[in-house]
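J.: Provided herewith is a single structure, encoded as structure tokens, for subsequent inquiry.
The values are calculated or read from the model by the stated rules, or taken from the named source; none is laboratory data. For clarity, every value in this text was computed on a predicted model and none was experimentally measured. Cβ placement follows ideal geometry from the backbone for every residue including glycine, while neighbour counts extend to all protein chains displayed.
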């Protein structure tokens, strides 16, 4: 069946709206929206330019089929797993979910938001899922889970020039440690008895680290250096301690309980098949 493209006029919205990327049933496409705080002005400026010149595109296949549950996937800017680059939402988790939803015949819309807002939408709205979410005991009963999609390693980072050395998490108690609101990695470190200074979005922590307002930064072993490089700090930070087991850092798609069990099963089957046939590994390798 040939898919027909539908032009959807841009509507006024508080979050910035961007061109769609293909996610979901067959060649079905997803709409993509993004919202950042003022800390990411260079992204907001680029998105605003798109607002003036772009229309949202979607395709009719998933909509005409009518049988698939249309979902909203919320996420945050958390490279290399989910991020806004080259005028689109991309990243390892995003590409894995793009392929999984295509295989499962699920039509989705993606919204890129501050993490707490992204998480709360999935908690409170019946057709919303959030990624990349760590599966913690506190979150377990609030969602239906798909994955794991990816894994990272919880780490404490310092400036490369810093003399700080840590033999254990307890050694970090005498330092100012930065994390961000709603982050499971920060929650895990906090449970080890470390007092954290939290911010709204993780990108606010790098300026705090460089200015000496914090001494250590809680981040993933992969995401930390990626974020630093994107902010012009390649080689400017170093890991000083790995915290916990890598299993503590596995990330999932977390869906509101209102999402149908059949949809969850199809998505999990697709992820398992992708792990088995090497698709997930191939997509991950693109970001090495």
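J.: Going by the conditions given, is residue 270 modelled with pLDDT of 95 or more, within 26 Å of residue 142 (Cβ to Cβ) and outside the structural domain of residue 197 (by TED's automatic domain parsing)?
T.: In short, yes.
J.: Would you be able to say whether some residue in the stretch 260-274 is touching a residue at least 12 places away in the same chain (Cβ under 8 Å), more than 18 Å from residue 131 (Cβ to Cβ), in contact with a strand residue (DSSP E or B) (Cβ under 8 Å, 6 or more places away or on another chain) and not in a loop (DSSP other than H, G, I, E, B)?
T.: There is at least one residue in the stretch 260-274 that is touching a residue at least 12 places away in the same chain (Cβ under 8 Å), more than 18 Å from residue 131 (Cβ to Cβ), in contact with a strand residue (DSSP E or B) (Cβ under 8 Å, 6 or more places away or on another chain) and not in a loop (DSSP other than H, G, I, E, B).
J.: Could you check the stretch 84-103 and list, in sequence order, the residues that are farther than 14 Å from residue 146 by Cα and in contact with a strand residue (DSSP E or B) (Cβ under 8 Å, 6 or more places away or on another chain)?
T.: Correct list: 84, 87, 88, 89, 90, 91, 92.
J.: Within the stretch 230-249, track down each residue that is modelled with pLDDT of 95 or more and under 18 Å from the mean Cα position of the chain (by Cα).
T.: Of everything in the stretch 230-249, nothing turns out to be modelled with pLDDT of 95 or more and under 18 Å from the mean Cα position of the chain (by Cα).
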